[in-house]
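Asker: Below is a structure I'd like to ask you about.
Please treat every number below as a calculation from the coordinates, not as lab data. The model shown is predicted, which means the values in this text are computed figures rather than measured ones. Cβ atoms come from the backbone with ideal geometry, glycine included; neighbour counts cover every protein chain shown.
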Amino acid sequence: MFRTMSLLRALIGTSRLVRHTPRLLAALPPDDDVLLDPPDGRLAPALVAAALDDPEPAAKLLATTRDAAEWEDRDRYTTRLSTFAYRRDGWLEHWLAVAPQDPDALLVKAQLAVRRAWESPARAERLRELGPLIEAAAEAAPNDPVPWRLALDHARGTHASHTVFESLWEQAVRRAPHHYGSHVAALKYLSAQCCAPRGDAPRTPCGSHRECFDFAEQAAEDALPGSLVQALPVRAAFTLLIAGPGPGRPVCGERIDAAADRALALSAEYPAGDLWPGEVRNLLVHVLVERGRWTEALAEFGRIGPHASTFPWSLVADDPLRGFLEARSRTVREVARRTPLRAVPPEPYGAGPGDADRGGRSGPGGHYA
């Protein structure tokens, strides 16, 4: 009898997959149309020019963000430009040769240097050598919070004390109290404290997942309407999920689900297919998949559309794009398998004709992973 029931359940599940999967897939962009980290309308021309060793569009773009205090855009573009320079830096060298004290060139240079040092086996040593470079970028643009976000990343890599962290955090929020990038950098510092083995990094009273959640939730409560800082708790949830179970790592299921609920509400404020909250949506959908919230994950894949992001998939898969597509395929299968044969499966929130990227939009933005 038990074997018969198992076979019947398997047959019903297979029938549901066959019936519902094609309809669900048809509502999502085809795999071949999904792009990893597509640039928005402002960044794309700068990247094209950089490929031709012309730094002028990048210089104008970053100068515009600095003059207009578009700190989220500035942070995002700095990170993307440094990522391009990581593989091809002739245009940046040319820019620095022509304008060695340009605050925007110095910022990209510092971001690139930190990335290269971070990948070195002698990470902490290499990073410590970069302190003057980050200070130069901060001094060149006194009102800019992005160098201070970079300083927070630097503090994490050098295992700086909590006292040092607090002084850098104060400088960052003094310039932009709601800067998403600085909040992410602070949470990453605190999370590193949580996950570091004893003796590998300084352990402070903040060094627990509970206090990481406390920091993220308080920041979300204080955030401006529509700010991506509201999604900080789901980032804390992701960190806890990838850390896995262990001493000092409680499951915190209710807290993780509450963080996902908050991020879902934020995502719903933006049009489907919008590049602006794209990284947050990718992060959120991973958490939803891990929590087995399949219908909500499917809706979020619909909102993401064809815009996958390197983060968080690079941390859970060797190939970020493949990791995204496999999670999406799994979600489709799970929703199909759970939908009764005669029922209509839920449709993803697909991008409509009016949805487009918000290149140039000032407001809450993203941050490198």
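Asker: For ASP37, what residues show an amide H to amide H distance below 5 Å, using hydrogens built from the backbone and excluding near sequence neighbours?
Answerer: ALA308, SER309, THR310
Asker: Then there is this: Quick one: 3J(HN,Hα) in Hz for region 79-96, Karplus 6.51/-1.76/1.60 with θ = phi - 60°, rounded, Gly and Pro as x.
Answerer: Result, ordered by residue: 5, 5, 5, 5, 5, 5, 5, 4, 9, 8, 10, x, 5, 6, 4, 5, 4, 5 Hz.
Asker: Tabulate in residue order the Karplus-calculated ³J(HN,Hα) for region 295-309, using 6.51 cos²θ - 1.76 cosθ + 1.60 with θ = phi - 60°, rounded to whole Hz; enter x for Gly and Pro.
Answerer: These are the phi-based 3J(HN,Hα) values: 5, 5, 5, 4, 4, 6, 4, x, 5, 5, x, x, 10, 7, 10 Hz.
Asker: Does region 117-181 classify as rounded, prolate or oblate by the C-alpha gyration tensor (a ≥ b ≥ c root eigenvalues; a/c under 1.5 gives rounded; else a/b over b/c gives prolate, otherwise oblate)? Mind showing how you got there, number by number?
Answerer: Working: a/c = 2.16, a/b = 1.57, b/c = 1.37.
Because a/c hits 1.5 or more and a/b exceeds b/c, region 117-181 counts as prolate.
Asker: Once phi is turned into θ = phi - 60°, what whole-Hz ³J(HN,Hα) does the Karplus curve with 6.51, -1.76 and 1.60 give for every residue of region 103-117, x standing for Gly and Pro?
Answerer: x, 6, 5, 5, 5, 5, 4, 5, 4, 5, 5, 5, 4, 5, 5
Asker: If I model a spin label as a point 7 Å beyond the Cα along the Cα-Cβ vector, how far apart are those points for ASP32 and ARG88 in nm?
Answerer: Label at ASP32, label at ARG88, 2.5 nm between them.
Asker: With a 10 Å Cβ neighbour count serving as the proxy for reagent exposure, in which order, fewest first, do GLU334, GLU347, GLU300 appear?
Answerer: Ascending number of Cβ neighbours within 10 Å: GLU347, GLU334, GLU300.
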